[in-house]
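Here the structure is laid out as structure tokens; the discussion comes afterwards.
The values are calculated or read from the model by the stated rules, or taken from the named source; none is laboratory data. Bear in mind the structure is a predicted one, so any value in this text is a computation, not a measurement. Cβ coordinates were reconstructed from backbone atoms using ideal geometry, including for glycine residues, and neighbour counts include every protein chain displayed.
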Amino acid sequence: MRLSVIGCGYLGAVHAAAMVSIGHEVVGVDVDEGKIESLSRGEAPFFEPGLPEILTEAIATGRLRFTTDIAEAAHAEVHFVAVGTPQQKDGSAADLTYVDAAVDALLPHLTAGAVVAGKSTVPVGTAATLAERVATAGATLVWNPEFLREGFAVKDTIDPDRLVVGVPFHDGSATAEGERAADMLREVYHPSVAQGTPFIVTDHATAELVKVAANAFLATKISFINAMAEIAEVTGADVTTLADAIGHDVRIGRRFLGAGIGFGGGCLPKDIRAFSARAEELGRGESVAFLREVDAINMRRRDRAVDLVVAALGGSVFKKNVTVLGAAFKPFSDDTRDSPALDVAVRLFGLGAWVTITDPEAIPNARALHPQLNYVDDRDEALRSADAVIVVTEWDQYRRELSPEHAGSLVNRRVIIDGRNCLDAAAWRADGWAYYGMGRP
Ligand code: UDX
């Protein structure tokens, strides 16, 4: 099929390349010329494992091109809208400027019978408004939320665990136009559909809500275990053992029960805030009031990590060398948006510590946000002369490939704070380190 992808960021760039790899012809559109130039050369403008490979292959087929000119998308049968919906600068709601602009720009080029498939995460009710505008061109709007995880985006796009398509409904079932649009999406995702991936056709509002509900649940799960970490901290219990024990219950499950400095990134934090704001607008703020607690627990974990460093250094970090291992919000990503790792580093810097920060991929993004910090590419160089080391992103380079003995030969003092509970506490202690975990004795 002929597809267009409007917005070529973390979501759109991967979607464009992945759609070519399953047989389609794709034009990717973005207003950022630099991004388009780099993508056209087959270079990913951000770090995502596997993306450079599928991008290069896709361009070589001749079925993928990138442009800043949205008119070149006119011939597409399905247009995916994959632009960002960041948090508003002066509030917690989602900023829909880019979604509105993308639809406005697309409207004059839409042909009758085309499908516009929104992938961006939006407040429930957005699709209904956009659908009216899209209908003026004789096209159909569907909402097709995206559940990809950064770091696994290629796999999650080519082989998703479910597909959700919100189509126009009337009296509780899809309209004829909605059925037709759903069939076109089935054709787009034909390999997944053929192998039996759940394909859920629903109304616009449900599809929009599925996405925010999924992220709200994941955020709640992480904050739940972090709340247990807070209780563990005052009782001498060990939250990692607790997570293992409750995780054996299949109704609970061990995944996303990793206590530590909490969640960050371009999705979870802003999505739960936007969900709360939208619920307030709908007069149902109390239904998701718990999300404010989820957010508050999450932010407190950053305080806790900083407090641990301060306590480990005898009550002050002023003029002490603190090495921060990690800047990305999670491993396998260079994303530093709302990164708890970077925030911890900035807070330590604010307390007067001499902070040295390293990360295998995220230094350029981190430096752009916080140029005041001292960035060092080489892990071992970053560790040299540290009075305390804090692990804030669980990269293999810190978790598996750094031995307590080797690290001990570089630092000034053997003090380690494990902000992700990712190290073998016993092994570090056996080597003479003072080890501090999150929610662990
Ligand atoms: C998330 C959702 O998982 C994905 O489905 C959605 O499409 C976008 O938002 P992503 O932001 O890539 O994906 O990251 P995710 O793997 O969910 O991790 C989010 C944050 O939670 C990270 O900062 C991570 O370190 C943290 N986390 C995760 C924990 O603190 N503990 C855990 O147990 C798991």
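Check Pro123 against each of (1) over 22 Å from Met1 (Cα atoms); (2) loosely packed, with under 15 Cβ neighbours inside 10 Å; (3) touching a strand residue (DSSP E or B) at 6+ places or on another chain (Cβ under 8 Å); (4) of a type outside the set (Phe, Trp, Tyr) and name the one condition it does not meet.
(2)
So Gly260 passes all but one of these: (1) within 9 Å of the ligand (Cβ to nearest atom); (2) farther than 23 Å from Pro441 by Cβ. Which condition number does it fail?
(2)
Yes or no, residue by residue, for (1) surrounded by fewer than 20 Cβ atoms within 10 Å (Cβ to Cβ); (2) closer than 23 Å to His75 by Cβ:
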site	(1), (2)
Tyr10	no, no
Val27	no, yes
Asp30	no, yes
Ser40	yes, yes
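Inspect the stretch 53-62 for any residue being surrounded by fewer than 19 Cβ atoms within 10 Å (Cβ to Cβ), among the aliphatic types (A, V, I, L, M), part of a helix (DSSP H, G or I) and without any contact (Cβ under 8 Å) to a residue 24 or more places away in the chain and give the result as yes or no. Give the steps one after another, and end with the answer.
Residues of the stretch 53-62 that are surrounded by fewer than 19 Cβ atoms within 10 Å (Cβ to Cβ), as a first pass: 53, 56-57, 59-62.
Next, only the ones that are among the aliphatic types (A, V, I, L, M) stay: 59-60.
Cutting the leftovers down to part of a helix (DSSP H, G or I) gives us 59-60.
Subset that is without any contact (Cβ under 8 Å) to a residue 24 or more places away in the chain: 59-60.
Within the stretch 53-62, one or more residues are surrounded by fewer than 19 Cβ atoms within 10 Å (Cβ to Cβ), among the aliphatic types (A, V, I, L, M), part of a helix (DSSP H, G or I) and without any contact (Cβ under 8 Å) to a residue 24 or more places away in the chain.
Could you please let me know if Ala94 is in contact with a Ser or Thr (Cβ under 6 Å, 6 or more places away or on another chain), in contact (Cβ under 8 Å) with a residue 60 or more places away in the chain and within 21 Å of Gly265 (Cβ to Cβ)? So that I can check it myself, show each step before the final result.
On the way: in contact with a Ser or Thr (Cβ under 6 Å, 6 or more places away or on another chain): yes; in contact (Cβ under 8 Å) with a residue 60 or more places away in the chain: yes; within 21 Å of Gly265 (Cβ to Cβ): yes.
Yes; evaluated as a whole, the condition is true for this residue.
Under 8 Å by Cβ, and 6 or more places apart or on different chains, what pairs join a residue from the stretch 195-206 that is among the small types (Gly, Ala, Ser) with one that is not in a helix (DSSP H, G or I)?
Going by the 8 Å Cβ cut-off, the qualifying pairs are Ala205/Val124; Ala205/Gly125; Ala205/Gly166.
Just the residues that are away from the ligand (no atom under 15 Å from the Cβ) and in a strand (DSSP E or B), please, taken from the stretch 325-361. Quick ask: steps written out before the conclusion?
Quick first cut of the stretch 325-361, residues away from the ligand (no atom under 15 Å from the Cβ) only: 346-358, 360.
If the condition is that a residue be away from the ligand (no atom under 15 Å from the Cβ) and in a strand (DSSP E or B), then Trp354, Val355, Thr356, Ile357, Thr358 are the ones that fit.
Could you list, in sequence order, the residues of the stretch 129-154 that are in contact (Cβ under 8 Å) with a residue 40 or more places away in the chain, in contact with a Pro (Cβ under 9 Å, 6 or more places away or on another chain) and not in a loop (DSSP other than H, G, I, E, B)?
Scanning the stretch 129-154 gives Ala131, Thr140, Leu141, Val142, Ala153, Val154.
Quick one: would you say Gly432 is small (Gly, Ala, Ser), part of a helix (DSSP H, G or I) and touching a residue at least 24 places away in the same chain (Cβ under 8 Å)?
Values: small (Gly, Ala, Ser): yes; part of a helix (DSSP H, G or I): no; touching a residue at least 24 places away in the same chain (Cβ under 8 Å): yes.
Here the answer is no, as Gly432 does not meet what is asked.
Given the condition on the phi < 0 side of the Ramachandran plot and within 16 Å of the ligand (Cβ to nearest atom), answer yes or no: does some residue in the stretch 93-110 qualify?
In the first step, residues of the stretch 93-110 are kept if they are on the phi < 0 side of the Ramachandran plot; the result is 93-110.
Now narrow it down to the ones that are within 16 Å of the ligand (Cβ to nearest atom): 94.
Yes, the stretch 93-110 contains at least one residue that is on the phi < 0 side of the Ramachandran plot and within 16 Å of the ligand (Cβ to nearest atom).
Which residue is nearest to Arg379 (Cα to Cα), if the candidates are limited to the stretch 306-358 and must be hydroxyl-bearing (Ser, Thr, Tyr) and either in contact (Cβ under 8 Å) with a residue 60 or more places away in the chain or not assigned by TED's automatic domain parsing to the domain that holds Ser385 (or both)?
First, the residues of the stretch 306-358 that are hydroxyl-bearing (Ser, Thr, Tyr): 316, 323, 333, 336, 339, 356, 358.
The next check asks that each one be either in contact (Cβ under 8 Å) with a residue 60 or more places away in the chain or not assigned by TED's automatic domain parsing to the domain that holds Ser385 (or both); those that pass are 323, 333, 339.
Working: Thr323: 10, Ser333: 17, Ser339: 19 Å.
So the residue we want is Thr323.
Can you find a residue in the stretch 237-256 that is within 8 Å of the ligand (Cβ to nearest atom) and in the same structural domain as Ala366 (by TED's automatic domain parsing)? It would help to see each step written out before you state the result.
Residues of the stretch 237-256 within 8 Å of the ligand (Cβ to nearest atom): 255-256.
Then keep just the ones that are in the same structural domain as Ala366 (by TED's automatic domain parsing); that gives 255-256.
Yes, that holds for at least one residue.
Picking from Val27, Val31, Val20, which residue would you name as being in a loop (DSSP other than H, G, I, E, B) and not hydroxyl-bearing (Ser, Thr, Tyr)?
Details: Val27 fails: in a loop (DSSP other than H, G, I, E, B); Val20 fails: in a loop (DSSP other than H, G, I, E, B).
That would be Val31, the only listed residue that is in a loop (DSSP other than H, G, I, E, B) and not hydroxyl-bearing (Ser, Thr, Tyr).
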